[in-house]
Amino acid sequence: MVEKLQQIWVDGELVPWDDAQVHLLTHSFHYGLGAFEGIRCYKRADGKSSIFRLREHIDRLFDTCKMVLLQPKFTREQIMRACADTLKANGLEEGYLRPVVFLGEGAMGIYAPNNPVRATVIAWKWGAYLGDEALKSGIRCKISSFARHHVNVSLAKAKMMGQYTNSVLAKREAKFGGYDEAILLDPTGYVSEGSGENIFLVKKGKLITPDLSSSILEGITRDTVITLAREMGLTVQEGRVTRDQLWLADEVFFTGTAAEITPVREIDNRPVGDGVVGPITKKLQTKFFDVVRGSDASHPEWLSPL
Ligand SMILES: Cc1ncc(COP(=O)(O)O)c(C=O)c1O
């Protein structure tokens, strides 16, 4: 359950939490055209808070809007300020931010070109997305019976509302089957990503992850991990990944703003490596948390102080 806080930013102003309502004729509620982001703010070792890679998230929000032909009424700077203002208005030193650009009420039907383009930023407290134990000991996954969309069926590079039904269905199937998370293949059978995470495998010391021409979201945590791994002297290869490569990997982990770096210890009832969190995953996880929350100051450009 999301804990109720004080205020939500709606179309340019902070309003009381309970007043942040939309009409049932809101176009996006029916047809799913809308852009959103998920961003984390961390309290760091020095006691100050920083929003992690805010600029990149807001750039992706605007990229999604561009792809789906929504013209936000606010600038990138205004939405970035709204993110900081919303955290402060709710007294949050750490938290999750959800900016959303959506099509409001007016006309019904698919086209509705004159409906207002609305925007909101919501903040809430969110701990480890898959649980603290998942971060520590890893999770059990299942290759989903749902495929990720073909790149011409939907927009893999967009964080667009409607296409998340695909993720919800895959996640529910995995959970109902007793697993923690789904791994989705693309329509040709190659590995795509998790329901809300990018995926990496480690084989013989090398990191391998699906490349950006695959049906995957261009994850900001994915980019963070690739950058940190290369700085640590690791080889990262982006390319096609098969299901059996995952089964035979030494290590597998997910990356995402919500999931952070979550180790995968089992896929389709086969242990990943020895079935415990591997050394490279552990090293990257430690480095990641040092950068976002600790005292590692190697990437000040990723931190927007609150
Ligand atoms: C489908 C999907 N893939 C990957 C990711 C990871 O992206 P990021 O690291 O930018 O949060 C997310 C989360 O936003 C996602 O929803």
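The values are calculated or read from the model by the stated rules, or taken from the named source; none is laboratory data. Not measured: the values here are computed from a predicted model. Backbone-built Cβ (ideal geometry, glycine too); neighbour counts: all protein chains shown. Heavy atoms of the whole protein, side chains included, go into the accessibility calculation; ligands, DNA and RNA do not. Shrake-Rupley method; radii C 1.70, N 1.55, O 1.52, S 1.80 Å.
Brief remarks follow.
- Percent of alpha-carbon pairs separated by more than 11 Å within segment 72-114: 72
- Computed from phi, the 3J(HN,Hα) profile of segment 213-225 under the Karplus parametrisation 6.51, -1.76, 1.60 (θ = phi - 60°) reads 7, 6, 7, 9, 6, 7, x, 6, 6, 4, 5, 4, 5 Hz, with x in place of Gly and Pro.
- Selection from 36, 62, 174 lying farthest towards where the dipole of the chain points positive, charges on Cβ: 174
- Segment 236-306: proportion of alpha-carbon pairs further apart than 17 angstrom, %: 53
- A convex hull fitted around the alpha carbon atoms of segment 188-251 yields 80 Å³ per residue.
- Segment 1-76-segment 256-306 distance, computed between alpha-carbon centres (Å): 25
- Given 136/157; 73/287; 66/125, the pairs whose alpha carbons are separated by over 32 Å: 73/287
- Computed helical MRE - 222 nm, the chain, DSSP H runs ≥ 4 contributing -39500 (n - 2.57), nearest 500: -8000 deg cm²/dmol
- One equal scatterer on each Cα of segment 37-101, no solvent, Debye formula: the resulting log10 I(q)/I(0) at q = 0.14, 0.22, 0.26, 0.28 Å⁻¹ is -0.41, -0.88, -1.13, -1.26.
- Cα lying deepest toward the dipole's positive end in the chain, options 83, 143, 130, charges on Cβ: 143
- Solvent exposure of the chain as accessible area per residue, Å², 1.4 Å probe: 46
- For segment 95-191, the spherically averaged projection of the C-alpha convex hull amounts to 8.6 nm².
- Rounded to the nearest 20 debye, dipole of segment 42-177 from Cβ charges on Lys, Arg, Asp, Glu: 220
- Bridge type composition, segment 132-292 - antiparallel percent by DSSP, nearest 5: 65
- Accessible carbon and sulfur surface of the chain relative to its total accessible area, %, 1.4 Å: 53
- Equivalent ellipsoid semi-axes, the chain, via Cα gyration tensor eigenvalues times 5, rooted, Å: 32, 24, 17
- Stretching residue 88 away from residue 2 to a fully extended chain increases their span by 29.2 nm, per 0.36 nm per residue minus the current alpha-carbon distance.
- When you filter the trypsin sites (Lys or Arg not before Pro) in segment 216-306 for DSSP loop state and at most 10 other Cβ atoms inside 10 Å of their Cβ, nothing is left.
- Here the chain is treated with +1 on each Lys and Arg Cβ and -1 on each Asp and Glu Cβ, and its dipole about the Cα centre works out to around 300 debye.
- Cross-link partners of residue 204 among lysines (Cα-Cα below 18 Å; sequence separation of 8 or more within a chain): 282, 283
- Residues whose placed amide H lies under 5 Å from that of residue 191, excluding near-sequence neighbours: 186, 241, 242, 243
- Working value for segment 132-292: equivalent-ellipsoid semi-axes of 22, 18, 15 Å, each the square root of 5 times a Cα gyration tensor eigenvalue, largest first.
- Separation in nanometres of the label points that stand 7 Å from Cα toward Cβ, at residue 108 and residue 248: 5.5
- Rounded to 10°, Cα long-axis angle of helix 279-292 versus longest principal axis of the chain: 30
- Under 18 Å of direct C-alpha separation, and excluding same-chain neighbours fewer than eight residues apart, residue 171 reaches these aspartates and glutamates: 180, 181, 186, 193, 197, 260, 266, 268.
- Segment 70-130, dipole about Cα centre (Lys/Arg Cβ +1, Asp/Glu Cβ -1), debye to the nearest 20: 80
- Each Cα pair under 8 Å and six or more residues apart adds its separation to the average, and for the chain the resulting relative contact order is 20 percent.
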